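Taken together, the values in this text are just the output of simple stated rules run on the coordinates, not laboratory data. Only a predicted model underlies this, so the values are computations on that prediction, with no experimental measurement involved. Every residue, glycine as well, gets a Cβ built from its backbone with ideal geometry; the counts of neighbours run over all protein chains shown.
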Amino acid sequence: MIARIWHGKVPMEKSDEYEEFLIKKAAADYSSVDGLLKMYFLRKDEGDFAHFLLITLWDSLESVKRYAGPKPELAKYYAEDDDFLIEKEKFVSLYRVFYEK
């Protein structure tokens, strides 16, 4: 199993709208790909910003590539992200899950 972890930072005044966008657009996009096992969308409000952490679990690296493209370590963005994100981080983190309970 592969864990894919993405981070984004949004101004607090746009954070509720971005949360809704992620649920409607990103969750649907992730869910459309065979091999997605689970997803967790997390939010941490911190001062003037909200941090979003999207953790998705996949059955294989090939499944991640079906979602993210041939270079799965590169972040995937939507056109709407330009309206919300402070910066677009270039990379995501990929981890091999070696134990779960």
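Overview of values
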| item | result |
| --- | --- |
| Correct choice for Cα extents along the principal axes in Å that was computed from the model, options (1) 37, 30, 23; (2) 54, 38, 20; (3) 48, 25, 21 | (1) |
| Long pairs among LYS38/LYS101; LYS38/LYS88; LYS25/LYS90; LYS24/LYS44; LYS9/LYS76, criterion Cα-Cα beyond 22 Å | LYS38/LYS88 |
| Nitroxide proxy distance, nm - points 7 Å out along Cα→Cβ at GLU89 and ARG43 | 1.8 |
| Region 8-25 - phi-based ³J(HN,Hα) in whole Hz, Karplus 6.51/-1.76/1.60, Gly and Pro as x | x, 10, 10, x, 3, 5, 10, 5, 5, 5, 5, 4, 4, 4, 4, 5, 6, 8 |
| Residues with amide H under 5 Å from that of ALA50, placed H, sequence gap 5 or more | VAL10, MET12 |
| For peptides 39-48, 65-74, sequence by mean Cβ density within 10 Å, most packed first | 65-74, 39-48 |
